[in-house]
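A.B. asks: I'd like to ask you about the structure that follows.
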Amino acid sequence: MKADKILYNLEEVFSPNDLGRPLKGKEMNEATILKNAYIAIADGKILKVEEGEGYKDFKDNNTEMIDLKGCVATPGLIDAHTHLVYGGSRENEFAMKLNGMEYLEILAAGGGILSTLKATKELPFDELYEKTRKLVEQFMVHGVTCVEAKSGYGIDLETEVKELEVIKKLNENLPIDLVPTFMAAHVIAEKYKKNPDEYVDIVINMMPTIKEKDLAEFCDVFCEKDVFTAEQTERILTAARENGFKLRVHSDEIENIGGVNVAADLKTTSAEHLMVVDDKEIKLLAENNVIGNLLPGTTFSLMKDTYAPARKMLDAGMAITLCTDSNPGSCPTANLQFIMQLGCLAMKLTPIEVFNAVTINAAYSVDRAKTMGSFDEGKDANITIFDGKNLDYLLYFFATNLTKEVYHKGKLVVKDRQLV
């Protein structure tokens with residue numbers, strides 16, 4: 001079979017191992033690093049990835065040849081945890097945080113997510129779509145080819161549907177894969193503060209409509225002090241599973257109130273944040289094959305020192321990813337590369353562990369490993385090309401967008417940090 005495109009003269013190609021499950025523990029520090037390599041693409045799929053000049057066997061007069069000398073290629077980056085769709089912004093809280101106000105204090109004062117709920121509800125669909133499109137395009141120019149995107153700034157059915165329909169339309173219109181998550185259980189609406197179980201009922205009653213409209217694959221819950229208890233979280237996620245959703249849970253971000261036990265009991269796909277998880281809970285997550293979606297940008301943005309204990313997780317045999325947690329309050333960023341660099345600088349992960357976290361493991365976290373996350377033949381040709389001669393350089397040279405090119409299903413979508 002001849003190739004449509006051949007990317008050749010690559011200094012390095014990072015090729016993760018797809019074992020049919022997420023990489024765990026020591027496996028996360030293993031991958032194939034190809035030198036002087038090429039990637040052959042046919043019909044939007046990976047045809048061959050190898051060292052040397054074997055690409056000549058896949059070339060004919062119709063093959064487009066792209067010389068990428070001085071560059072590194074990886075599978076397209078995948079961000080497995082974001083809150084992309086929202087109205088307004090929250091820069092007015094920046095000074096509050098600098099003056100020492102905590103997240104839950106800002107929330108209690110009527111700020112935080114409550115202001116975003118109001119802005120999202122009031123913003124018309126077309127304006128919300130355009131605002132979100134611009135943000136998604138920022139992810140693309142930073143090398144991301146797949147993003148998990150949560151609702152959760154509606155908390156009423158109409159606004160939750162509006163958010164998820166924005167994600168659906170963007171998925172149809174942009175050359176990127178968006179994985180939708182229903183997260184009406186993000187905060188308890190003010191009028192239900194005295195009777196939060198009533199709001200739990202409302203969230204559960206939204207599920208059939210969301211599923212009937214085919215608007216979300218996953219369901220997520222924010223299990224945290226003054227938000228949803230472990231018991232409420234388990235009730236919501238159990239109902240979500242009965243309605244056909246795959247499961248996630250926000251847990252152990254600020255306080256440890258039992259969310260990890262729920263994740264382990266229900267064997268959720270992932271547990272998110274895990275900044276204050278303890279050793280016993282890490283063991284529990286490892287034993288139940290729950291992926292830890294870690295969000296070091298949130299710790300950085302909140303000016304904390306409680307980074308999730310990634311090294312302990314790997315030592316215990318867990319699988320982890322690194323994600324932006326892009327949101328208007330605790331982590332306003334679209335730069336997954338910076339998050340990866342924090343993985344090294346703040347969490348002491350190796351470059352190979354970091355790249356496995358945002359490729360093959362992230363693909364399993366969003367249930368897309370059959371089509372992306374590695375360079376196995378037949379997977380989608382989602383490829384990120386970086387300016388740099390080796391993998392280490394991409395994480396050593398921090399806080400800079402090093403994206404050279406991005407391919408989505410074999411199509412060039414970003415060149416020199418600009419959309420094509």
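None of the figures in this text is laboratory data; all of them are computed from the coordinates on show. A quick note: this is a predicted structure, and the numbers were derived from the prediction, not measured. All Cβ positions, even for glycine, are placed from backbone atoms using ideal geometry, and neighbour counts span all protein chains on display.
A.B. asks: At what distance in angstrom do the alpha carbon centres of region 375-420 and region 241-315 lie from each other?
C.D. replies: What the calculation gives is 29 Å, centre to centre.
A.B. asks: If you average the alpha carbon positions of region 178-240 and of region 80-154, how far apart do those two centres end up, in angstrom?
C.D. replies: First find each Cα centre; the distance between them is then 18 Å.
A.B. asks: Arrange V262, V161, V147 by Cβ neighbour counts within 10 Å, fewest through most, would you?
C.D. replies: V161, V262, V147
A.B. asks: Tell me which residues come under 5 Å, amide H to amide H, from K45 once H is placed; ignore anything under 5 positions away on its chain.
C.D. replies: Counting only residues 5 or more places away or on other chains, the set is A381.
A.B. asks: List E287, E405, E353 from most exposed to least, where exposure is judged by having the fewest other Cβ atoms within 10 Å.
C.D. replies: Working: E287 12, E405 22, E353 25.
Fewest-to-most ranking of E287, E405, E353: E287, E405, E353.
A.B. asks: Let me ask another. Using alpha-carbon pairs under 8 Å, 6+ residues apart, how would you state the relative contact order of the chain in percent?
C.D. replies: Numbers: 989 pairs, mean separation 89.6, N = 420.
Result for the chain is 21 percent.
A.B. asks: In whole Hz, with x marking every Gly and Pro, tabulate ³J(HN,Hα) for region 187-192 from phi via Karplus 6.51 cos²θ - 1.76 cosθ + 1.60, θ = phi - 60°.
C.D. replies: 7, 8, 4, 3, 6, 10
A.B. asks: Let me ask something else about it. Past the 19 Å Cα-Cα mark, which pairs from K169/K211; K370/K409; K246/K370; K2/K56; K69/K379; K168/K191?
C.D. replies: K69/K379; K168/K191
A.B. asks: Listed highest first by mean packing, meaning other Cβ atoms within 10 Å per residue, what order do 14-21, 40-47 come in? Could the numbers behind the result be given before it?
C.D. replies: On the way: 14-21: 17.5, 40-47: 19.6.
In decreasing order of mean packing, 14-21, 40-47 become 40-47, 14-21.
A.B. asks: So I have (i) 0.96; (ii) 1.07; (iii) 1.27, and one of them is Cα Rg over 2.2 N^0.38 Å calculated from this model. Which one is it?
C.D. replies: (i)
A.B. asks: So what is the relative contact order for region 167-227, in percent, with contacts set as C-alpha pairs under 8 Å and at least six apart?
C.D. replies: Numbers: 47 pairs, mean separation 27.9, N = 61.
Contact order relative to length: 46 percent.
A.B. asks: Across region 31-48, in residue order, what do the Karplus-derived ³J(HN,Hα) couplings come to in whole Hz, using 6.51 cos²θ - 1.76 cosθ + 1.60 with θ = phi - 60° and x for Gly and Pro?
C.D. replies: For region 31-48, the Karplus curve yields 6, 9, 10, 8, 10, 6, 10, 9, 10, 9, 10, 9, 6, x, 10, 6, 9, 7 Hz.
A.B. asks: If R0 is 25 Å, what FRET efficiency do you get for L412 and E91 from their C-beta distance, rounded to 0.05?
C.D. replies: So, using R0 = 25 Å, E works out to roughly 0.15.
A.B. asks: Give the long-range amide H neighbours of K5: residues separated by 5 or more places, or on another chain, with amide H under 5 Å away, using H modelled in the peptide plane at 1.01 Å from N.
C.D. replies: Those qualifying (amide H under 5 Å, at least 5 residues apart or on another chain) are I41, E64.
A.B. asks: Please report the net charge: other residues with Cβ closer than 12 Å to the Cβ of G297, K and R +1, D and E -1.
C.D. replies: Every neighbour counted, the sum reads -1.
A.B. asks: Within 10 Å of each residue's Cβ, count the other Cβ atoms and sort R235, R241 from fewest upward.
C.D. replies: R241, R235
A.B. asks: Okay, moving on. Within region 318-362, list the residues whose amide N lies under 16 Å from a label point set 7 Å along Cα→Cβ of D305.
C.D. replies: 346-348
A.B. asks: Could you work out the helix-only [θ] at 222 nm for the chain, with each DSSP H run of four or more residues adding -39,500 (n - 2.57) and the total divided by the number of residues, to the nearest 500 deg cm²/dmol?
C.D. replies: -10000 deg cm²/dmol, from helical runs alone.
A.B. asks: While we're on this one: Pull up all non-local amide H partners of L247: gap of 5 or more, or a different chain, and H-to-H distance under 5 Å with H placed in the peptide plane.
C.D. replies: C219, T269
A.B. asks: Residue by residue through region 276-283, what is 3J(HN,Hα) from phi via Karplus (6.51 cos²θ - 1.76 cosθ + 1.60, θ = phi - 60°)? Round to whole Hz and write x for glycine and proline.
C.D. replies: Each residue of region 276-283 in turn: 10, 5, 9, 4, 5, 6, 4, 4 Hz.
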